[in-house]
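The structure appears below as structure tokens.
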Amino acid sequence: MILALVVRVCRAWWRSRVGRWATVGVVWLMWFDHSSNSGRLLLMLLAVIGVGIAVWRRCGDKGCGAALVRGWWHRRLWRENAGPLGLAGPDGQAGRVVSVVGDEWGTTSTYRLWPGQGPAAFEARAVELAHAMGVLTARVSSPGPGLVMVRYLTGDPLGAVSLRPWPLMSVARWQLGDAVPSGVGEDGRVVTVALWSSSVLLAGSPGSGKSATMWLLVLAAMLDPSVRLMAVDLKGGVELGLVASRAERLATTLDDAVAVIDDALVEVSGRYGVLRERGLRKVESGDPSMPPLVVVIDELAELTGTGSKESKAAGESLRRLVATGRAAGVTVIAATQKPSSDVVPTGLRDLFATRIGLRCGMRGQAETIAPEIAGELTKIPASQPGTAYVVDEGGSWQRFRAWYLTDDMVRQVASAAEAARS
Ligand SMILES: Nc1ncnc2c1ncn2[C@@H]1O[C@H](COP(=O)(O)OP(=O)(O)OP(=O)(O)O)[C@@H](O)[C@H]1O
Ligand SMILES: [Mg+2]
């Protein structure tokens, strides 16, 4: 209590111009007053405390003392701000702080909710909460019933590109049934994307990192020798040309693309016939008679959004493929730099089990791909390509930075995939 008061008075003092100059004057006098050593001693003590606080803020929660100070400081701020932010209980009391854990990017705090209060109340005040706690961003989630967790970020952990190599960079083969390591989340954990019987839509402005992120998924699929691959690249094959030798089809024109999707639909209907005969409802992972079929489409707008009759028909075929392919072991991975409702109508978007939203220049486009986090997609800086939000069917989302493979790395994995087949 007293310490908090002292900190507050010191802060106000330092913020005023008179206070700053007076402090400089006193420091100067204390240091050069040769008659007293105690002045220098006091100054040194203050300097040690200052450096200690700075080190603690930089190093995060690496020591017991730091954890104690951090916990105390956090609880104090929380008690002070919960009421004004409308997050306190009925009698104006702040909710119990269950834990406060620090790391190099900030603090994660868990609070007990009051009866009748939900995480939504915190989400609605996330911006104000961040200001009150003196951090850049506050992200709200719920770790369990009656609890709300707020991640207070003092910096952006995704600002720096991951130096860790992509985990599949050096594997000889991969199984499509295993989720693909695709990037690193804000908590430093690997974020994975499931591909088996699960379609993925990637969307974002030009240069946001769609193709680079898509390559991670395509290469993982290629590393499974049993996977059948079909590719549609309506940018003339420049992006997906590298899969030409591995893919059984590579379409570079609208007509070819329509033919590829129709072929995939024929395959799906054949598989449904087999499933009916066998009395099964879906293809089991690892069934050699119906290997996973992966259809990759780079630049969906060229396929479904040109406005022509063929384009509309292609959109409808794609919708059927994504809808019916799931039980038939078909995965569609599609990317678009124009996530507008004519390219990805809601009826098509909602069929994708996983949506990966990268930086979107316009709010409307972000709304099309992931209305839940549209605002966040527009905030991703252009200087951070590959930063994305992955949204699953349940609507829960995670922010991450995708691994980036240079063209040489892509070639290296592609040849490993070739070797795995021979
Ligand atoms: N995860 C990442 N980390 C760092 N840099 C990245 C990452 N992903 C992409 N980049 C950089 O951004 C550039 C553009 O990436 P990419 O081609 O994947 O974007 P795109 O969204 O597919 O663009 P377009 O819409 O023009 O096809 C890459 O050449 C690379 O320099
Ligand atoms: Mg691209």
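Listed values, structure above:
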item	result
Value of relative contact order over segment 180-421, rounded to a whole percent, pairs C-alpha under 8 Å and six or more apart	30 percent
Sequence of Asp224, Asp350 once ranked by neighbouring C-beta atoms within 10 Å, starting from the fewest	Asp350, Asp224
Förster radius 41 Å - calculated FRET efficiency between Val27 and Leu147 (Cβ-Cβ, nearest 0.05)	0.30
Gyration tensor (alpha-carbon) shape descriptor, segment 323-422, a/c threshold 1.5	oblate
Cβ-based net charge around Glu393, under 15 Å, with every Lys or Arg adding one and every Asp or Glu removing one	0
Under the Debye formula (equal points on every Cα, no solvent term), log10 I(q)/I(0) of segment 64-153 at q = 0.22 Å⁻¹	-1.11
Given Lys235/Lys282; Lys282/Lys312; Lys312/Lys338; Lys235/Lys338, the pairs whose alpha carbons are separated by over 23 Å	Lys235/Lys282; Lys282/Lys312
FRET E, pair Ser383, Asp350, Förster distance 25 Å, beta-carbon r, rounded to 0.05	0.20
Stretch gain in nm, segment Asp187-Leu280, where the contour uses 0.36 nm per residue and the Cα spacing is subtracted	29.4 nm
For segment 131-196: rounded, prolate or oblate by the Cα gyration tensor [a/c cutoff 1.5]	oblate
For segment 150-217 and segment 262-331, distance of Cα centres in Å	24 Å
Per-selection Rg to Rh, segment 180-421 - Cα, Kirkwood hydrodynamic radius	0.95
For segment 287-366: relative contact order, % (alpha-carbon pairs under 8 angstrom, 6 or more apart)	37 percent
Separation in nanometres of the label points that stand 7 Å from Cα toward Cβ, at Glu128 and Met362	3.3 nm
Highest-MSF residue in the chain out of Gly183, Gly155, Gly325 [GNM, Cα springs under 10 Å]	Gly155
Sites Arg20 and Ser396, calculated FRET efficiency, Cβ-Cβ separation with R0 41 Å, nearest 0.05	0.30
Using alpha carbons only: equivalent-ellipsoid semi-axes of segment 213-294, gyration tensor based, whole Å	26, 16, 8
Counted charge near Val227, where neighbours are those whose Cβ lies closer than 10 Å (Asp, Glu -1; Lys, Arg +1)	+2
Relative contact order (percent, whole number), segment 254-317, Cα cutoff 8 Å, 6+ residue spacing	40 percent
Gaussian network model of the chain, springs between alpha carbon atoms under 10 Å - residue of Leu293, Leu405, Leu46 with greatest fluctuation	Leu46
Shape of the chain, Cα gyration tensor, a/c cut at 1.5	prolate
Relative exposure of Arg17, Arg246, Arg164, judged by other C-beta atoms within 10 Å (fewest first)	Arg17, Arg164, Arg246
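Read the figures in this text as sums done on the coordinates, not as results from a lab. In this text, all values refer to a predicted model and were calculated from it rather than measured experimentally. As a convention, Cβ positions derive from the backbone with ideal geometry for all residues, glycine included, and neighbour counts pool all protein chains shown.
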